[in-house]
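Asker: Quick one: the structure is below, questions incoming.
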Amino acid sequence: MPKVIISPSILSSDFANLGRDIRMVEKAGADWIHVDVMDGHFVPNITIGVPVVKSIRKVTNLPLDVHLMIENPEKFIKPFAEAGANIITFHYEAVERNEIIRLANYIKSFGIQSGLAIKPATKPEEILEYIGAFDMILVMTVEPGFGGQKFISKCAQKLSCFREYGDEDLILQVDGGINDETARVCTKLGANSLVAGSYIFNSENISEAIDSLR
């Protein structure tokens, strides 16, 4: 596994040429493909669903990093796993606390990795007891729901807390407003996986943009 995993978010890709754009970032050195799934309820936007992930699986061998920004994530874990997801992350704020570990294990039952995401308002202390059940913790540094937002620097400070309490194998991902400058802030605080959308897909040189995040 690379020291810093770069996971371009297809939310910022050209959806009319999605296969082309995925192959483009794969050739440019991306490690994963980040898939933002929004339902119009948990967040105000609507994006893509299971059929698109199934189609994406056919055009890339990279791990598909599926971020569920939806209510009732349990309902969609199996469909996304069967569609080809390699990592499925759901939101702490979308489920009851007594369901969190069970859902982590349910995801893993499909032979894939599990992730837990938190919104900017959620304090790291709220989820420390659950870290051991997950392969990845995702810290949002923007409000989930839209691409191209400005990085919230105070949210990045949560990373150091998770790095201190998590084991050395924990993937600590950050998503929101990531560019070459904010990437350095996050990696210094312990992040080892970076999600970037507009910074990568709007760049004149995709390969250089990806390299700059490392």
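Asker: From the list A209, A133, which one is closer than 28 Å to E26 by Cβ and out of contact with any strand residue (DSSP E or B) (no Cβ under 7 Å at 6 or more places or on another chain)? Lay out the reasoning, then the answer.
Answerer: Working: A133 fails: closer than 28 Å to E26 by Cβ.
Selected residue: A209, the only one of A209, A133 that is closer than 28 Å to E26 by Cβ and out of contact with any strand residue (DSSP E or B) (no Cβ under 7 Å at 6 or more places or on another chain).
Asker: Restricting the search to the stretch 73-99, which residues are in a helix (DSSP H, G or I) and surrounded by 19 or more Cβ atoms within 10 Å (Cβ to Cβ)?
Answerer: Across the stretch 73-99, the qualifying residues are F76, I77, F80, A81, A83, A94.
Asker: Can you tell me which residue among I171, I127, I152, I131 is surrounded by fewer than 19 Cβ atoms within 10 Å (Cβ to Cβ) and modelled with pLDDT of 95 or more?
Answerer: Values: I171 fails: surrounded by fewer than 19 Cβ atoms within 10 Å (Cβ to Cβ); I127 fails: surrounded by fewer than 19 Cβ atoms within 10 Å (Cβ to Cβ); I152 fails: modelled with pLDDT of 95 or more.
On inspection, the qualifying residue turns out to be I131.
Residue-by-condition table, conditions (1) closer than 27 Å to G19 by Cα; (2) of a type in the set (S, T, N, Q); (3) touching a helix residue (DSSP H, G or I) at 6+ places or on another chain (Cβ under 7 Å):
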| residue | (1), (2), (3) |
| --- | --- |
| G29 | yes, no, yes |
| V35 | yes, no, yes |
| V52 | yes, no, no |
| I101 | no, no, yes |
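Asker: Report every pair of residues separated by at least 6 positions or lying on different chains whose Cβ atoms are under 7 Å apart, first residue within the stretch 1-30 and closer than 17 Å to S212 by Cβ and modelled with pLDDT of 95 or more, second aromatic (F, W, Y) and buried (at least 21 other Cβ atoms within 10 Å of the Cβ).
Answerer: Close Cβ pairs (under 7 Å, with a partner that is aromatic (F, W, Y) and buried (at least 21 other Cβ atoms within 10 Å of the Cβ)) amount to I5/W32; S7/W32.
Asker: Next up: Scan R163, R184 and give me the residue that is surrounded by fewer than 16 Cβ atoms within 10 Å (Cβ to Cβ), outside any loop (DSSP other than H, G, I, E, B) and basic (K, R).
Answerer: Values: R163 fails: surrounded by fewer than 16 Cβ atoms within 10 Å (Cβ to Cβ).
Criteria check complete, one pass: R184.
Asker: Starting from the stretch 132-145, keep only residues that are part of a loop (DSSP other than H, G, I, E, B), then list their pairs with residues that are surrounded by 18 or more Cβ atoms within 10 Å (Cβ to Cβ) and of a type in the set (S, T, Y) whose Cβ atoms are within a distance under 8 Å, requiring at least 6 positions of separation or different chains.
Answerer: Taking only residues 6 or more apart or on different chains, the pairs are F134/S114; D135/S114; T141/T182.
Asker: Within 21 Å of E168 (Cβ to Cβ) and at pLDDT 95 or above: which single residue out of I77, I87 fits that description? Talk me through it step by step, then tell me what you get.
Answerer: On the way: I77 fails: within 21 Å of E168 (Cβ to Cβ).
The unique qualifying residue is I87.
Asker: Criterion first (over 16 Å from A209 (Cβ atoms) and not in a strand (DSSP E or B)) does V53 satisfy it? Steps first, answer last, please.
Answerer: On the way: over 16 Å from A209 (Cβ atoms): yes; not in a strand (DSSP E or B): yes.
Yes; evaluated as a whole, the condition is true for this residue.
Asker: In contact (Cβ under 8 Å) with a residue 24 or more places away in the chain, crowded, with 23+ Cβ neighbours inside 10 Å and more than 15 Å from H67 (Cβ to Cβ) - does that describe any residue in the stretch 101-115?
Answerer: no
The values are calculated or read from the model by the stated rules, or taken from the named source; none is laboratory data. From a predicted model like this one, the values you see are computed outputs, not experimental measurements. A quick note on method: Cβ atoms are made from the backbone with ideal geometry, for glycine too, and the neighbour counts reach across all protein chains shown.
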